[in-house]
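Before any comments, here is the structure.
The values are calculated or read from the model by the stated rules, or taken from the named source; none is laboratory data. Nothing here was measured: the structure is a model prediction, and the numbers come from that model. No Cβ is skipped: glycine too gets one built from the backbone with ideal geometry, and neighbour counts run over all protein chains shown.
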Amino acid sequence: MFKKIMKGRKPSKSDPNDQSLYGFPQRNPIANVVVNHSSRAGPGLPSPNSGSPASVVATPPPMFSIEPLPLFRDVPVSERQNLFLRKLQVCCFQLDFNDSMKSVREKEIKRQTLLELVDFIQSGSAKITENCQEEMIKMISINIFRCLPPASHENTGQEVVDPEEDDPYLEPSWPHLQLVYELLLRYVVSSDTDTKIAKRYIDHSFVLKLLDLFDSEDPREREYLKTILHRIYGKFMVHRPFIRKAINNIFYRFIYETERHSGIGELLEILGSIINGFALPMKEEHKLFLVRALLPLHKPKPVAMYHQQLSYCITQFVEKDYKLADTVIRGLLKYWPLTNCQKEVLFLGELEEVLEATQGAEFQRCMVPLFRQIARCLNSSHFQVWE
């Protein structure tokens with residue numbers, strides 16, 4: 001009876017070789033790439049326990065190593081587009097950077113391949129085809145769009161600390177990640193990049209995922225993201241309203257829900273440049289952004305982490321349109337800190353910059369509540385505030 005059961009036994013659902021387990025055929029992410037298999041048994045070699053017909057042995061996944069591809073200069077011009085695609089496939093392969101001793105050779109091959117791709121795009125020696133552009137954005141997406149590790153405050157439950165007072169988290173895969181970001185940047189700024197074609201791949205979904213990455217704790221990654229998003233905003237006019245709205249939504253979530261986000265300062269730096277380019281008369285949409293997003297950013301506890309960039313944005317609005325001074329000063333008074341003297345010092349510094357750009361008529365409108373607040377500051381027990 002036991003033998004009959006064993007003969008009729010169905011294969012296990014957890015069999016790693018069973019493609020139906022995933023609901024779709026498994027695709028090889030590095031197809032057409034030379035791969036050396038080192039642990040697959042050769043033909044005719046007996047497997048362990050092969051003498052027992054009832055025993056089923058799970059075959060371990062094969063070990064593999066990526067072989068380097070030829071350099072672009074070593075192949076004819078007619079074959080470079082195909083070689084470009086093959087190099088992209090090599091870079092789609094994910095490696096474990098948590099273990100520095102693991103896959104050392106493969107990591108170096110991928111790093112060199114990424115360097116070659118960056119040089120190829122930067123040199124402009126050949127205009128890449130639309131298919132190559134699509135595959136390149138896919139490769140970039142595979143590498144940069146990932147689940148970010150939990151922030152340090154999420155592990156400890158502590159308040160968010162000033163990044164200048166604590167060692168920042170550094171992404172272990174940065175030697176590769178930096179080159180992927182550099183490739184994306186070179187593609188966006190290249191004069192050979194046709195925005196009509198590129199916007200099919202750098203679409204709203206791609207931009208949203210880029211914005212999600214601004215919460216990375218690695219300052220090097222946020223710096224690249226800031227530069228790339230700013231360039232996308234400048235080059236892809238069709239995306240501009242969407243980018244502004246998406247940044248608004250990040251601010252709203254930060255102000256009213258989480259009060260935790262690593263990239264508020266970098267997003268405000270981008271907005272500072274955008275505000276500087278606003279045409280006059282200023283659109284109502286931009287004024288609403290000032291009232292509903294920028295001024296409420298004074299409210300969260302970690303405002304000191306991004307106050308310099310926020311103050312610049314606020315001052316830019318007043319310098320662009322002096323009539324907004326009354327709105328800005330009343331907004332500052334609305335969010336004025338009651339018990340935090342360090343925040344009061346920041347607010348007083350910002351108020352000084354706003355007043356320098358304020359004209360007489362606007363000053364008279366907010367003069368009474370403003371001097372009431374200054375009188376309270378003069379009675380403060382904190383020496384920096386009353387000074």
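Couple of notes before you dig in:
- A single member of 322, 312, 306 is modelled with pLDDT under 95, assigned by TED's automatic domain parsing to the domain that holds residue 356 and farther than 23 Å from residue 203 by Cβ, and it is 322.
- Exactly one residue out of 281, 219 is modelled with pLDDT of 95 or more and not basic (Lys, Arg): that is 219.
- Looking only at the stretch 205-234, and only at residues there that are within 8 Å of the chain's Cα centre (by Cα) and charged (D, E, K, R), the one that is surrounded by the most Cβ atoms within 10 Å (Cβ to Cβ): 221
- Filter result for residue 288 (assigned to a helix (DSSP H, G or I), crowded, with 21+ Cβ neighbours inside 10 Å, out of contact with any strand residue (DSSP E or B) (no Cβ under 9 Å at 6 or more places or on another chain) and aliphatic (A, V, I, L, M)): no
- Restricting 324, 297 to residues that are within 32 Å of the chain's Cα centre (by Cα) and surrounded by 20 or more Cβ atoms within 10 Å (Cβ to Cβ) narrows the list to 297.
- Tabulated pairs, the stretch 89-115, first in a loop (DSSP other than H, G, I, E, B), second surrounded by fewer than 18 Cβ atoms within 10 Å (Cβ to Cβ) and at pLDDT 95 or above, C-beta under 8 angstrom, 6+ apart or interchain: 92/138; 92/142; 94/142
- Residue list for the stretch 291-313, restricted to those being hydrophobic (A, V, I, L, M, F, W, C) and within 24 Å of residue 387 (Cα to Cα): 303, 304, 305, 310
- In the stretch 75-118, the residue that is modelled with the lowest pLDDT out of those that are touching a strand residue (DSSP E or B) at 6+ places or on another chain (Cβ under 9 Å) and crowded, with 16+ Cβ neighbours inside 10 Å is 103.
- Some residue of the stretch 237-258 being under 20 Å from the mean Cα position of the chain (by Cα) and touching a residue at least 60 places away in the same chain (Cβ under 8 Å): no
- Meets criteria (closer than 17 Å to residue 188 by Cα, in a loop (DSSP other than H, G, I, E, B) and either within 25 Å of the chain's Cα centre (by Cα) or at pLDDT below 90 (or both)) for residue 127: yes
- Residue list for the stretch 175-216, restricted to those being more than 25 Å from residue 126 (Cβ to Cβ), at pLDDT 95 or above and not in a loop (DSSP other than H, G, I, E, B): 177, 204, 205, 207, 208, 209, 210, 211, 212, 213, 214, 215
- Put simply, of 363, 371, 317 the only residue that is assigned to a helix (DSSP H, G or I), at pLDDT 95 or above and out of contact with any strand residue (DSSP E or B) (no Cβ under 8 Å at 6 or more places or on another chain) is 317.
- Residue that is nearest to residue 379 (Cα to Cα) [pool: residues in the stretch 317-367 that are among the β-branched types (Val, Ile, Thr) and in contact (Cβ under 8 Å) with a residue 24 or more places away in the chain]: 345
- The listed residue being under 27 Å from residue 186 (Cα atoms), under 21 Å from the mean Cα position of the chain (by Cα) and either of a type in the set (A, V, I, L, M, F, W, C) or at pLDDT 75 or above (or both), out of 132, 147: 147
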